[in-house]
Every structure is written in structure tokens, then in C-alpha cells.
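*Asks:* Before we start, here is the structure in question, set down as C-alpha cells.
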Amino acid sequence: MSDQNKTALDSESNVDALDTELSTWRERQADAWRRRLAFLKREPMGLAGILILLAIVLVAIFAPVIAPYEPTETDYGNSLAPPSAEHPLGTDSAGRDIFSQLVFGARPALQIGLLSAISVAFVGMNVGLVAGYYGGYVDDALMRLVDFAYGIPFTPFIIVLVALWEPSKWTIVGAIALLLWRQTARVVRSHVLNLKEKPFVKSARTVGASDRRIIYRHIAPNVLPLVFLYGSFAIAWAILTEAAISYLGFGDPTAVTWGQMLQSAQQSQALARDAWWWFTMPGIAIMLTVISAFLIGRGYEEQLNPELQEP
Amino acid sequence: MTLLEVNDLHVTYAGDPAVEAVRGVSFTLEEGETLGIVGESGCGKTTLAQAVMGALPDNGEITGGEIIFDGQDITHLSNRQRREIRWERMSMISQSAMNSLDPVYRVKDQIREAIQEHRDVSDAEAYERSRELMELVGLDPDRVEDYPHQLSGGMRQRVIIAMSLALDPDLIIADEPTTALDVIIQEQILYRIKELQRELGNSMVMVTHDISVVAETCDSMVVMYGGELMEAGNVDEIFNNAHHPYTLGLQNAFPSVEGEKRDLTSIPGSPPDLSEPLEGCPFASRCPFAAPECEEKVPVREPVDGHRVRCHEPVPFEQIRDRSGEDETWLSQNKV
Amino acid sequence: MGLKEFVTRRIIQIVVLYFAIATMLFFLFRAAPGDPLAAYIGTGFTQEQAAQIRATFGLDQPIHVQYWKYMTSLVTFNFGLSYITGDPVWGIIQDRIWNTLVLMGTSVILAYLIGVPFGAYLAWNRGTKRERFGVVFALISRSAPVFWTGLLGIWIFSFKLGWLPAGSMSQPGVTYSSKLAQFTSPSFLRHLILPALVQAFYFYSLPALLMRNSMLEVMNEDFVDFAELKGISDFSVMLKHAARNALLPIVTAFAVAAGFAVGGSVVLETVFAWPGLGREMVRAVIANDYPVAQATFLILAGLVLVANFLADLAYGYLDPRITYD
């Protein structure tokens, strides 16, 4: 190829480049989002998780529209009715409609799951960032705190807290958040230890950026995917824990929850009375909600860790 | 007698796009001799070695040609049959020898595993053999009790060499056996490999990007570029009478062993994209002597018996040789 | 640092941690709103009677004396008297420690025996339908709450099929000469099967999923390729090299799993009416029986820490690269 031709081609492509640059700011933004969500296409499991969670969120929002009855409305003449057109999933021993209780049960489950996950992510990320970035005594002290949190038996601690204070969903969220941040903190910290040595952090330091700025502008964005990952797992743990607490009888007595349905089913001898609709359905609801969070987290994890990807 | 014969071998990696990493390479290796395969990284030489060893990655496949080992066509043997030959008859000192030892087992157990997988040998005999092998490669036999992390990089490399000798194979393939090590240890290890090979009489294929290593250790050589053979023949012949500009460029790029020291000049540019088919000479785009005819299919010529060259020789090769001795030839991007 | 020093230092760390957790628990109970003895004392008591009851439980003493007594109880196991029955707490829970250990130990061991090979199998079949199905199955087990699978298990295996007892640990009225005699009796084993399996059905998913990830990572290592190069059969490469190395992070996870197992005893034992620490704790918390609740919590926390310690030791044993510092 002659030099003349080369230059001609170069200037042509320059014009092209300018053109694209001018017109594609929006496209690039859209691209970034597409890339962020691209894992869904490659991870059908993650997509399934998002769809399930979305469906449950919709059920929770439109609970009063979807549920045919008030969840607490008793009808003793119609107790332990098997599924029928009138009561699609039957009734419990007090004649309350199981389906309506399930629908309303989605509300506390999601509230507790999401609130706990946000608090866990917030605390865990900050502890991890500070410990990893500052190192030394700060790191030591915070990591001993993590050890401390790991040494406490999880469910018993939450039972004690909820029983000693008041059995409300706020107490449950607070209790879960008090312990569950430990894992996020540990993972974030070890990631920060690596990031700290990266050139972009070092150059930020040379330029004289404040610690705060380095932590939150330079390092934090790089650990966010991990925080999101452990946040999605925290949703799952929180929902399972809340269900267990309610099942054991330490839940909010005024709320309709899936765990409580199972508790009253067992106490009212639903097993011996063969009222399978009463004790199978709430479990399925819990399982679906929890698995949706696990599927999302897992799909995301496969994308984060290239070694887990298909060859 | 001919131990290994590779005829018009093609290897392709499946994928999008598919990559044809080896494109019709032929050579023979006589018993007791050492053959060097030389070229820059990404020119298909490791793939070639893996194909011979039967250790291609899962997505790699031999798509043409044949490999004849000791009179037997081993091109399309099953995994199982290949496994029996592997290590027993041909072993490999791999590129990543630094990480090739399993961190959780002692050296003696890893050597023993190789021996006992192929031969019915008692633990005590295998242990004796592992100590013997350690001595052979110049290590303290007591180090067989060590875990890999207790050994230095050079020592680990020696352990891998010891392991490759464990069953006294006919053929040893050394794929860049010293790249991960520092220069002094590289020298020692190469010397040791060569010495052992002379002592034990195995044949060897030495894969390297460093043409001076070939000069030091090999009897014959194959120069590869872009998955194709550029030049091949006896080492003395090639070093004294190289025809191909690429060979000359490589000689220029590494300090000569025998002659006076020259400045290191690497050839500007990088190897071609192996996912695309190529009609002409793969080196043409980087060759200071390239001419329009180089875009056409290149025949193999034999200027001297056993010396093969694939080059159109757009200018007489004497001229190529003279001019390739000057650094300006390589540094200027101007083409003829 | 040698192994001995490492062990000593770890033990000291754990003891410090244990006392810290105990202190937190002490103040947690003291800071709780309401009078712990409110239910006990009731309205019909006179001032003197109430004061006398307080004195019996040591609640009339200043807080630092109470704290000192409480902390010494960690060593002497003198946890005071139950608010409900008035019996010594240690006598109530002593027996139950073993009941919990046997149930949880069995289920965790079962979970690892099933989970580790299952995870290795999944990694080995990377990219196949079988693998996808296996991962989803493991996630389902992980999402199904234990008290629910427990209820289903009881319904199916005891109410419908009548194969196994619905709960409790042994037939009523039968006494045994020793704990060992009890734990080896056929009746006990029959009672153990269902709860142990239900808990293992939950726990196996953790080692399984971890093992899968860990195996996939190890399978990319050079030494695995090299083992293949040596002509070693695929199965041996997977078992002796890939799986053996992949096991290391699984051991660390054992501490977490054991921690969850100990904590999870409150749920599992309640479902199956298993007379262990967990069920006792639930009962004590509901009844405001603080001394018993505290003591069970402390024992459970101690078990978590011991599990952590054992996992540390096992890791050092499995990985020759660990230098203990």
C-alpha cells in the first residue's frame, strides 16, 4: 500500500471517528447498561431468578387486589377446607384463606429481605473498605470484630435480641444486620488489599487525593459488584432467618408471615389432619423467594469469576 | 533410524473464529538426535509440540497430516492408547514447569506416581529411582522429601526434568524449558539437559523462541512462522547458510553464540492472525525484502540436500544475507 | 512459628473471643427492657417475698458482682438456678449438649460425605445438562427452610408411611445405663435418621457448590495438566490432584457450616422435639428463664468457636504451604 493511500484512509477514518464520537454519547451510556445486564443472556438461571423475584414483588405490591379474602378473616364454619373454587388453596383451622395469607405474606418477607440486604451491604462494604485501606491497627481491630461476629451463633442471637426487645420486623432486620455484615466485610477487605496496590490508586495518592476520595471514588466502585453479590445472598439469608424466627414463635404477632403459617400449621396438628395445603404452600413460597435471590447472585457470580465460565 | 516423522500436520482450535495454529509442517527426527523448533511466541510451535505429545487442549484437533512415532501412526489414537505412550515412550518438560508440581504432595510421591502409573514397581523401588533421578539432574537426593513450595524455581525445573527421565523415554519434548528462570540458571539447566540427553541417548525436541539455544543444543532445526515451516535443516547448515529472511532476522535478534556479539534487534511487527487463511508467505507483511510475488503460494525449495526453505527469494539470497546483517534493514519500515 | 505456638496462640485468641461474647451477652440481658422476674413474682407477692426471690437468684447484688459471678460460671459451669424450676442450670443442660452434638455431628458429616463428591461431580461435568440440573437442585435444597422440609419429612415418613418416628429422641419410659448405651440403641438410631437427613439435605449444598467452584479453579492449574501429561488416568487426575487441592477452601467453610449447624439446632430440634440445647434455649427464651437461656447460648457459642479451631487445624494439616503465622 502506498503512503498516499494510507493517509487518505487515515483522514477518512478520522472523520468517521469524530462523527461517531459526536453522536454516540447516549449509545455508550446504553451500552454500559447493556453490558451490565448482558450476563442475563448468558445466564438463564440468573434471568429466571430475576423473573421470579419480579413476580413476587408484583404480588406483594398488588396483594389487596390479588387476594380474594382478608388474610386474617376467620370462618370457623369452613375450617380446614381443601382447595376448591371458593378457596383455591384451601383454608386453615380457623377457616382463613391460605392463598390470601400467602399473597400478603410476600410483603413482610420482601421488606425484611431487602432492608436487611441493604444494611448488610452498607455496613459490610464500609468496614471492608476502611479495614483494607488503612490496614494496621484499624484493620486488626475491625477484623477482630469480624471474628467476634463469626463466633456468635446466628439464629440463637437473633432469637435473644427479638425476644428481649419487641418482636417486630424492625428488630429482626436490625438483628440480622448486626451479624450478617461479617462475610461482606471480609470479602471486600481482601479485595481492597489487592486494589490498594494497583497503579490507579497509587497515582491518585501521588496526586494528593484525600483518603476519603480514594476510598469512595477509586476503590469502592471496584468492590461494588462483590457487594451486590453478597447483598443478593443476604436477601436469601434474611428471608430464611425471618421465616425461622416466625416459625419458632418470635415473629411479629400482628403480621401474616409464611413462617407463622407453618408454626400454626404444626401447632394445630395439620400434619396429623392431613391438611397438606396448609403446610406445603408457605414452604414453597419461602423457597421460591429465597431461590430467586440465590439464582440472581449465582448468575452474577459466574460472570464475576472468569474461571467459572464455560470454556 | 527415524524415530519421529511429522507429515504435513495441521492443527485447528475450534471456536469463533476457529484458529489454525499449525499449517502443514513436516519434519523428521532421527534416534538420538535433538531437533530444535524455533519461532516467536504465537507461531504455533507449542501447539506442534502438544500435538506430538497428544496433549492438545480440549478445543484443539489435528485436522490434517500424520504423526508417525517409531513406525506407528499415532495421529488418531484414542485417549487411552495415547496415555499409554505418554511418559512411558515420550515425555515432556512443559513451559510452565514452575507450577507443574502439585503443591500438596512431596516430590517423591509425584515421581512415584508417574512411575507406578506405567510400571508395576514397588514403592521402595520407585523411591530408589526418584533419588537416583534427583542425583541425575544435580539435586540433593534428600530433597525428594520436600514439598514443591520448599524448592526454588530452578530446583522445580530440575525436578520436572528428573520426572521426564523417570521412565527413560525414547523422546523428550522440551517446550521452552527455561523461560521462567533467570539467565544463569537457564544456562545451567540447558547444559544439564543436553548432557543428560547425550549420556542417556534419548531423542529430543527442543521448542524455543531463542535461536541461540538451538545453536547450542540441537542437531537439526525447524524455523516456524505463522503456523508454517519457513526453513529447516541441519543446524550447521542453517547457521552458515540460512536463506530465509525470517531465520536471518531471528539470528540477528539473539546474540550469536559463536561469532562476535551484536546488538539485539528484534523484528518489528507481530505474527499474523492465525484465524484467517493465508495464501502467500505469512512473513511478507514484516519482511524487508517482500515483493508482490510473496502474496502467492510459496513452494518449498531445497538449495542443499536436506535444507528446506519456503521463500520466493525476491532478491538473491546472498544479498538478503548481507543486508540482514545490518540493523537498518529491519528498523526501516520502507519496503522494496 | 511452629505448630505448637500456632495452636497456643489460637487457643488464647479463642478464649479471649469467648469471654468477649459472654460479656456482650451479659449486658444484652441486663439492658433488656422489663423485669426478668416479672412473670415469676406476679402480683400476689409482698415486697419482702419479692426481695427474697431476687436474693435467691443473686439479682440484689451490684452489677459488677453479678458480672463477676457470671464470668466465673464460664469456668465452673455454675450457671445458677433456673427461674422456672429452681433447679441448677448445669444439671438441665449438661445432658442436652451431647444430644445436640450427636444430631448435628451426624448431619454435618452426612452433608460433607454427600456434598463434596457431588460438587466434584458437577465440576467434572462442566457445561452439561447434568451439571445445570445439579446446581439448580443444590440451590433448591439451600432455599428450602429446614423446618419446612422437616414437616414434610414427618408427614411423609411418619404419618403417611409410618416408617420413622415423628419426633423426640427415644421411646418414652425407657432408661439407659449411660449416654453411650442410649446413643447406640436401635431405637435412638431410628429417631436420629429423619432429623439428621433433613438437616443434611440442607447442609450438603454448601460443600457441594463450593467444591464445584473450587474444582473448576483448580482444574485450570498447570499441575493438573501436567498430571494428565504424565499419562495418569482422568479419574486419578480428578481425584488425586484436582479434588485434593480443591478440598482446601471446603475445610475453611467447614467452620462456617458448623457454626450454622450449631445455631440451626434451635430450629431443627424444635421441629423434631429433640431434647437438645437448641430446643431448650427456645423454651427458656419464651419462658423468660434467663439463666437457662444464657447458659445454652454460651454453650452454643463455645461449640461454634471449637468448630472454628478444628477447621484451622485441619487446614494446616491438609495444606503443606501453611506456615502458621
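*Asks:* Tell me, please, whether a residue that is under 29 Å from the mean Cα position of the chain (by Cα), within 30 Å of A:S246 (Cβ to Cβ) and either assigned to a helix (DSSP H, G or I) or at pLDDT below 85 (or both) can be found in segment C:312-321.
*Replies:* no
*Asks:* Could you check segment C:231-256 and list, in sequence order, the residues that are surrounded by 18 or more Cβ atoms within 10 Å (Cβ to Cβ) and within 7 Å of chain B (Cβ to nearest Cβ)?
*Replies:* C:G231, C:I232, C:H241, C:N245, listed by residue number.
*Asks:* Of all residues being charged (D, E, K, R) and within 11 Å of chain A (Cβ to nearest Cβ) in segment C:130-180, which is surrounded by the fewest Cβ atoms within 10 Å (Cβ to Cβ)? Just the residue, please.
*Replies:* Among those that are charged (D, E, K, R) and within 11 Å of chain A (Cβ to nearest Cβ), it is C:K160.
*Asks:* Tell me which residues, restricted to segment A:206-234, are surrounded by 15 or more Cβ atoms within 10 Å (Cβ to Cβ), part of a helix (DSSP H, G or I) and without any contact (Cβ under 8 Å) to a residue 60 or more places away in the chain.
*Replies:* Within segment A:206-234, A:H218, A:N222 meet the criteria.
*Asks:* Looking only at segment B:53-88, count every residue that is more than 10 Å from chain C (Cβ to nearest Cβ), free of Cβ contacts under 8 Å to residues at least 12 places away in the same chain and not in a loop (DSSP other than H, G, I, E, B) and tell me the total.
*Replies:* Summing the residues that are more than 10 Å from chain C (Cβ to nearest Cβ), free of Cβ contacts under 8 Å to residues at least 12 places away in the same chain and not in a loop (DSSP other than H, G, I, E, B) in segment B:53-88 gives 3.
*Asks:* Condition (residue is within 21 Å of the chain's Cα centre (by Cα) and buried (at least 24 other Cβ atoms within 10 Å of the Cβ)) applied to segment A:160-171: is it met by at least one residue?
*Replies:* Taking every residue of segment A:160-171 in turn, none turns out to be within 21 Å of the chain's Cα centre (by Cα) and buried (at least 24 other Cβ atoms within 10 Å of the Cβ).
*Asks:* Looking at (1) farther than 16 Å from A:I296 by Cα; (2) at pLDDT 75 or above; (3) away from every other protein chain (no Cβ under 14 Å), which one does A:A81 not meet, given that it meets all the others?
*Replies:* (2)
*Asks:* Next question, about the same structure. From the set of residues in segment C:275-300 that are in contact with a helix residue (DSSP H, G or I) (Cβ under 6 Å, 6 or more places away or on another chain) and assigned to a loop (DSSP other than H, G, I, E, B), which is farthest from the other protein chains (Cβ to nearest Cβ)?
*Replies:* Looking at residues that are in contact with a helix residue (DSSP H, G or I) (Cβ under 6 Å, 6 or more places away or on another chain) and assigned to a loop (DSSP other than H, G, I, E, B), I get C:P275.
*Asks:* Right, another one. In segment B:60-88, what residues are under 18 Å from the mean Cα position of the chain (by Cα) and within 18 Å of C:G231 (Cβ to Cβ)?
*Replies:* Answer for segment B:60-88, where residues must be under 18 Å from the mean Cα position of the chain (by Cα) and within 18 Å of C:G231 (Cβ to Cβ): B:I67, B:F69, B:R86, B:W87.
*Asks:* I want to confirm something. Restricting to segment B:92-104 and keeping residues that are at pLDDT 85 or above and facing chain C (nearest Cβ under 8 Å), which single residue is surrounded by the most Cβ atoms within 10 Å (Cβ to Cβ)?
*Replies:* Among those residues, the one meeting the criterion is B:M92.
*Asks:* Sort out which residues of segment C:22-50 are modelled with pLDDT of 70 or more, among the hydrophobic types (A, V, I, L, M, F, W, C) and either over 19 Å from A:P153 (Cα atoms) or outside any helix (DSSP H, G or I) (or both), and write them in order of number.
*Replies:* Residues satisfying the conditions are C:A31, C:A32, C:A50.
*Asks:* Can you find even one residue in segment C:148-163 that is in contact with a Leu (Cβ under 8 Å, 6 or more places away or on another chain), free of Cβ contacts under 8 Å to residues at least 40 places away in the same chain, assigned to a helix (DSSP H, G or I) and among the polar types (S, T, N, Q)?
*Replies:* Yes, there is a match, as at least one residue in segment C:148-163 is in contact with a Leu (Cβ under 8 Å, 6 or more places away or on another chain), free of Cβ contacts under 8 Å to residues at least 40 places away in the same chain, assigned to a helix (DSSP H, G or I) and among the polar types (S, T, N, Q).
*Asks:* Tell me the residue from C:G302, C:G276, C:G231 that is more than 21 Å from C:A111 (Cβ to Cβ), small (G, A, S) and touching an Asp or Glu at 6+ places or on another chain (Cβ under 7 Å), please.
*Replies:* The conditions single out C:G231.
*Asks:* Just give me the residues in segment B:89-141 being touching a helix residue (DSSP H, G or I) at 6+ places or on another chain (Cβ under 8 Å), part of a helix (DSSP H, G or I) and acidic (D, E), in sequence order.
*Replies:* Of everything in segment B:89-141, those that are touching a helix residue (DSSP H, G or I) at 6+ places or on another chain (Cβ under 8 Å), part of a helix (DSSP H, G or I) and acidic (D, E) turn out to be B:E113, B:E117, B:D123, B:E132, B:E135.
*Asks:* For segment C:214-230, check the following and say yes or no: at least one residue is within 13 Å of chain A (Cβ to nearest Cβ) and without any contact (Cβ under 8 Å) to a residue 12 or more places away in the chain.
*Replies:* Yes, because at least one residue in segment C:214-230 is within 13 Å of chain A (Cβ to nearest Cβ) and without any contact (Cβ under 8 Å) to a residue 12 or more places away in the chain.
*Asks:* Next up: State yes or no: is A:A141 buried (at least 22 other Cβ atoms within 10 Å of the Cβ), of a type in the set (A, V, I, L, M, F, W, C), away from every other protein chain (no Cβ under 11 Å) and over 26 Å from C:S265 (Cβ atoms)?
*Replies:* Taking the combined requirement at face value, the residue does not satisfy it.
*Asks:* Give the number of residues within segment B:304-319 that are more than 21 Å from B:G280 (Cα to Cα) and aliphatic (A, V, I, L, M).
*Replies:* Total meeting the criteria: 1.
*Asks:* What's the total number of residues in segment B:300-321 that are assigned to a helix (DSSP H, G or I) and closer than 15 Å to B:A284 by Cβ?
*Replies:* The number of residues fulfilling the criteria is 1.
*Asks:* Here is a follow-up. Output the residues belonging to segment B:112-132 that are under 22 Å from B:M98 (Cα atoms) and within 14 Å of another protein chain (Cβ to nearest Cβ).
*Replies:* B:R112, B:E113, B:A114, B:I115, B:S130
*Asks:* Could you count how many residues in segment B:267-285 are touching a residue at least 24 places away in the same chain (Cβ under 8 Å) and either closer than 19 Å to B:V223 by Cβ or among the hydroxyl-bearing types (S, T, Y) (or both)?
*Replies:* 11
*Asks:* Considering C:L206, C:L210, which residue is assigned to a helix (DSSP H, G or I), more than 21 Å from A:L288 (Cβ to Cβ) and touching a residue at least 60 places away in the same chain (Cβ under 8 Å)?
*Replies:* Testing whether each residue is assigned to a helix (DSSP H, G or I), more than 21 Å from A:L288 (Cβ to Cβ) and touching a residue at least 60 places away in the same chain (Cβ under 8 Å) leaves just C:L210.
*Asks:* Only one of these is surrounded by fewer than 17 Cβ atoms within 10 Å (Cβ to Cβ), in a loop (DSSP other than H, G, I, E, B), out of contact with any helix residue (DSSP H, G or I) (no Cβ under 6 Å at 6 or more places or on another chain) and not polar (S, T, N, Q): B:G24, B:G32. Name it.
*Replies:* Being surrounded by fewer than 17 Cβ atoms within 10 Å (Cβ to Cβ), in a loop (DSSP other than H, G, I, E, B), out of contact with any helix residue (DSSP H, G or I) (no Cβ under 6 Å at 6 or more places or on another chain) and not polar (S, T, N, Q) holds for just one of B:G24, B:G32, which is B:G32.
*Asks:* Here's a follow-up. Pairs please, first residue from segment C:282-295 and at positive phi, second anywhere and among the hydrophobic types (A, V, I, L, M, F, W, C) and part of a helix (DSSP H, G or I), Cβ atoms under 9 Å, 6+ apart in sequence or on different chains.
*Replies:* Qualifying pairs under 9 Å: C:N288/A:A163; C:N288/C:A38; C:N288/C:A39.
Here's the yes/no breakdown for (1) more than 19 Å from C:L206 (Cα to Cα); (2) facing chain C (nearest Cβ under 10 Å); (3) buried (at least 22 other Cβ atoms within 10 Å of the Cβ):
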position	(1), (2), (3)
A:A236	no, yes, yes
A:I245	yes, yes, yes
A:G251	yes, no, yes
A:T254	yes, no, no
A:T257	yes, no, yes
A:A265	yes, yes, yes
A:T289	no, yes, yes
A:E302	no, yes, no
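The values are calculated or read from the model by the stated rules, or taken from the named source; none is laboratory data. From a predicted model like this one, the values you see are computed outputs, not experimental measurements. Cβ coordinates were reconstructed from backbone atoms using ideal geometry, including for glycine residues, and neighbour counts include every protein chain displayed.
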